[in-house]
Amino acid sequence: MTKESSLYQLNRPARYLGGERGSVSKDHNQVEVSFALAFPDVYEVGMSHIGSAILYRVLNDKPWIAAERSYAPWPDREAQLRNDKAPLTTLESGRALAEFDIIGFSLQYELSYSNVLLMLDLSDLSMRASERGEQAPLVVVGGPCAFNPEPLADFIDCAVIGDGEDAVVELCDAVRASRAAGENRAALLRRLANIEGIYVPSHFTVSYLPDGRITEITPADPQQPKVRRRVLADLDSAPYPEQPIVPFLQTIHDRVAVEVARGCTRGCRFCQAGYIYRPVRERQPETVRKLVEELLRNSGYDEVSLLSLSTGDYSAIEALMQDLMGCYADQRVAISLPSLRVGSLTPELMNEIKKVRKTGFTLAPEAGSERLRQVINKGILAEDLVESSRTAFELGWRIIKLYFMIGLPTETEDDLAELVNLAARVKAAGRGTQGGADVNVSVSTFVPKAHTPFQWEAQIGLDETLRRQAMLREALKKKRMRLKWHDAELSLLEGVFARGDRRLGEVLEAAVKLGCRFDGWRDHFRWDLWQEAFATSGLDPVWYLRRRLPGETLPWDHIDAGVTKDFLLREYQAALLGKATPDCRHGQCSYCGLCDFETVRPRLSDRRQQQPPPTAAETAMPAQGQPEMLPKVRLTLTKTGRTASLSHLEYMTLVHRAVRRAGLPIRYSAGFHPAPRISFGDALPLGVASEAEIIDLELTAWCEPLEVRERLNREFPEGVTILKAEAWPRKGAAPANSIVAATFKVPLPDGVNEHLGDRLAMFLAQDQVIAERTKKHRSEEIDLRPWAMDLKLEDGLLWMKMHSGSPLFLAAYLLERDVEEVRSLGIFKTAIELKDGETQVDL
């Protein structure tokens, strides 16, 4: 059984294939350090994380480092690995994670911690660092959750605190140097601890009071009492993955992503990212434009997302949007801004946004009352929010999504009532606009985070969360609005680990052994198992939600995020007094303690650094004038190897993106959502390979079939190759309607019925062959006889010439085997027959 066929029984096997365009495979015998970038969530989530993509490029740019990817396997894949006693591997080389020098986990969310331990366990590695041998990989973590890595301290060797672009290379260099010096693990860790931004948990000892509070965090080296966060000074010159990995399947953020800025100094007191990613560093507009151009050319995507913590605050956002829209609107490329702030929304910016996205408009006031927004330093006026909403409705948006938090410090019943009233005002702002207006309200529970002014605050408990959710649900229902909410149990567990200490390691390990994984996914979260793990470990989760005193030693006090504890305490006191702190990017320094104003300082883009927008003639797609006069181009191509594991939709997406990368003048349909005029044949069942797939392309300007073939073959991945390209009648039948027969060869399984030949003859001799199959959990009877035109045994293969139907189900019936067993045999479509009169066009 091949690797691909072993995946056919899984949900979305393309998660585990590898070989995507843009992925890098190196000979491990030719490199000095191997690095497995492990993301503790499913492939679709991990592939949407731009930080991992940046590190993948940074590491693989070094010829002496091989960086590969691995993701948390979905439960069906985990069960398969355990059943086969096979280890978790990387996508690029299929090597076990245990064979790498370094395994680096990206920690984006506290509820992914169970998946970290799961991936170690599936790699045949001990979960606890103290139980791993000298030859085991170095286990490293990074990302925002690494700013309080204490709940994972017993399981990791070190953590990268802060920006990773430079730190990961220095870490790899230290591993290389340590190996050359013949050092043991303890010496390597001492070497790593000397790198700025590298935290080694085993170099710190934590002491506790009987009630669980920390008395002292003692460093092994008194000269290194704290670990200082690593800061990338200049984002504009930093490396970026211009040749992105293009997934076979749809990911959470299925588009080109360009980080236009890093850091935010708006000073929202609940927002951890606003404090740990300071200062604001922006890329220059020309840099952004060049990146967009390269990424679109190398990916085939038709949407660009401009990323930052608040993209609307990017200094040159209006000019940049006008520039990009001028470049790409006629090429049917959408430009999206995922993070917008009411204070940064101008009518001009909203007008640019509405050109490409009018499905939903999201605003985050966070709190319902003016008073509470002052407490959290969210400088949004209700009038501005309502006015922005009115403008959005007038520009054509039909749904506005409002995001709030409940349980914020000092929140009262009046604040919750104001939340409902504000949502009602936003809905009322859309009255009278074309098509009406709707408002969806979403609430999450406030979770205090480390290194924020609210790190000392209490988090509301389970019962109180449920009570406030119910109150809002009923109040909004009366206003004819819907409420979405974050599960209370998930928020509680997030809060426990967000401000947790090392003692939680015992709980985490117990939970994983009980079966906890994918805790951030509602369908997989098992609160009952977590309760059992807490009870077994003798810890009360509610204790971790308590208010901390300002003088208390916090579990993360030895991690220096750059922003001083004194500043955070001043901000906490200002919050309780309802005082605002202005944004320092354009005004007075707020003395947070981070910047040295030489290397580390705000770096804003130059609003004047803009090229003139291109003219329509420069950017227009090839004219669609009289495309009906052009013949189509018909392609005959393969779908073999790993691409046989793709669904029909994934195969179509692969072709669409290849056509865009090849720059072919493809014709688009009319309407609000124009689609490329590419016609496919009938869908192949997953696992069935083919060398006889046909596709028709409709072009707006003639391109010789041979050129189409050559250009597309350069863009297709291994397993997809155009065998023939020819001009085809413009009014000819679509591929699905052209085919009258298809021939499949089926390898025979072991133990096949020795009377199979007689069974085939009997099948062909009958007028009707009734079989039962299950479809969408319902049984139905179908007549298989019209499907088959001819059946025969030859060269140890079953040959089926079919007019219609599923080759998998027909083969399973004939072989008297289960459909899933037959799927793994390697059925191959070898030829097709077209209707009489369907011929190529002579040019």
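So what's the convex hull volume per residue for the Cα atoms of the range 12-101, in Å³?
Working: hull volume 8.5 nm³, N = 90.
Measuring per residue, one finds 95 Å³ for the Cα hull of the range 12-101.
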Quiz item: In vacuo Debye scattering of the range 230-279, one point per C-alpha: log10 I(q)/I(0) at q = 0.13, 0.16, 0.24 Å⁻¹?
Solution: -0.48, -0.68, -0.96
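Dividing the convex hull volume of the alpha carbon atoms of the range 637-757 by its residue count, what do you get in Å³ per residue? Intermediate values should be presented prior to the final figure.
Details: hull volume 16.2 nm³, N = 121.
Residue-normalised Cα hull volume stands at 134 Å³.
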Quiz prompt | Unit Cα scatterers, Debye sum, the range 186-329: log10 I(q)/I(0) for q = 0.19 Å⁻¹ | solution = -1.13
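Return the FRET efficiency for the residue pair Ala273, Glu821: r is the Cβ-Cβ distance, R0 is 45 Å, and the value is rounded to the nearest 0.05. Could you put the intermediate results ahead of the total?
Working: r = 49 Å, r/R0 = 1.10.
It comes out at approximately 0.35.
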Practice problem: Run through all the Cα pairs of the range 714-843 and give the fraction in each 5 Å bin from 0, expressed as whole percent. | Solution: 2, 8, 16, 18, 17, 14, 9, 9, 4, 1, 0
Practice problem: Can you figure out the FRET efficiency of Thr218 with Thr564, using R₀ = 22 Å and their beta-carbon distance, to the nearest 0.05? | Solution: 0.55
Quiz item: Mean 1/r over all different Cα pairs, inverted: what Kirkwood radius does the range 156-243 give, in Å?
Solution: 14.9 Å
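Quick one: which of 525-538, 774-787, 414-427 comes out on top by average Cβ neighbours within 10 Å, and what's the full order, highest first? If you can, show how the numbers build up before the last one.
Working: 525-538: 16.5, 774-787: 11.2, 414-427: 19.8.
Put in order of decreasing packing, that is 414-427, 525-538, 774-787.
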Exercise. Compute the separation of the alpha-carbon centres of the range 662-714 and the range 247-323 and state it in Å as a whole number.
Key: 31 Å
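Rounded to the nearest 500, what is the 222 nm mean residue ellipticity of the chain from helices alone, with -39500 (n - 2.57) per DSSP H run of 4+ residues and division by all residues?
Numbers: 26 runs with 256 residues, N = 843.
Calculated from helices alone, the mean residue ellipticity at 222 nm is -9000 deg cm²/dmol.
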Quiz item: What is the Cα centroid distance between the range 116-156 and the range 39-109, reported in whole angstrom?
Solution: 14 Å
Quiz item: In whole Å, what three semi-axes, largest first, describe the equivalent ellipsoid of the range 427-472 built from its Cα gyration tensor (square root of 5 times each eigenvalue)?
Solution: 34, 16, 7
Exercise. Please work out, to two decimal places, the log10 of the ratio I(q)/I(0) at q = 0.10, 0.17, 0.18 Å⁻¹ from a Debye calculation in which every Cα of the range 84-227 carries one identical scatterer.
Key: -0.35, -1.03, -1.15
Quiz item: For labels at Asp487 and Leu649 in the simple 7 Å Cα→Cβ model, what's the distance in nm?
Solution: 2.3 nm
Quiz item: What does the convex hull of the alpha-carbon atoms of the chain project to on average, in nm²?
Solution: 39.8 nm²
Quiz prompt | Relative contact order (percent, whole number), the range 446-567, Cα cutoff 8 Å, 6+ residue spacing | solution = 33 percent
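Taking all protein chains in place and a 1.4 Å probe, what share, in percent, of the accessible surface of the range 348-434 do carbon and sulfur account for? Each step should come with its number before you reach the end.
Numbers: 1590 of 3450 Å².
The computed percentage sits at 46.
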Quiz item: For the residue pair Tyr208 and Glu691, what label-to-label distance in nm results when each label sits 7 Å from Cα along the Cα-to-beta-carbon direction?
Solution: 6.5 nm
Exercise. Return the inverse of the average 1/r over all pairs of distinct C-alpha atoms in the range 653-692, which is the Kirkwood hydrodynamic radius, in Å to one decimal.
Key: 12.2 Å
Quiz item: So, how do all the Cα-to-Cα distances of the range 297-421 break down into 10 Å bins, in percent, from 0 on up?
Solution: 12, 40, 30, 14, 5, 0
Exercise. Note down the relative contact order for the chain as a percent, whole number, built from C-alpha pairs under 8 angstrom at least six residues apart.
Key: 12 percent
Quiz item: Which of the peptides 645-652, 447-454, 28-35, 308-315 is most tightly packed, and how do the rest follow, judged by the mean count of other Cβ atoms within 10 Å per residue?
Solution: 447-454, 308-315, 645-652, 28-35
Practice problem: Post the alpha-carbon centroid distance, the range 773-843 to the range 418-450, in whole angstrom. | Solution: 53 Å
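Could you give the Stokes-Einstein D for the range 388-525 in µm² per second, using the C-alpha Kirkwood radius, 4 °C, 1.567 mPa s?
Numbers: Rh = 17.1 Å.
For these conditions, the coefficient is 76 µm²/s.
Rounded to the nearest 5, what % of DSSP beta bridges with both residues in the chain are antiparallel?
On the way: 53 of 100 bridges.
Bridges in the chain that DSSP calls antiparallel: roughly 55 percent.
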Practice problem: Over every pair of different alpha-carbon atoms in the range 48-119, take the mean of 1/r and invert it; report that Kirkwood radius in Å. | Solution: 13.6 Å
Practice problem: Return a whole-number percent for the relative contact order of the range 132-223, with Cα pairs under 8 Å and 6 or more residues apart as the contact set. | Solution: 24 percent
Quiz prompt | Rounded FRET efficiency, nearest 0.05, which uses the C-beta distance separating Arg128 from Arg773 and R0 of 41 Å | solution = 0.25
Self-check item: Residues in the range 394-419 that a label on Arg371 would reach, taking backbone N under 17 Å of a point 7 Å out along Cα→Cβ
Solution: 406-419
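The values are calculated or read from the model by the stated rules, or taken from the named source; none is laboratory data. Remember, predicted model here, so these are calculated numbers, not experimental data. Virtual Cβ from ideal backbone geometry, glycine too; neighbours counted across all protein chains shown. SASA here: full protein model, heavy atoms, side chains in, ligands and nucleic acids out. Shrake-Rupley method; radii C 1.70, N 1.55, O 1.52, S 1.80 Å.
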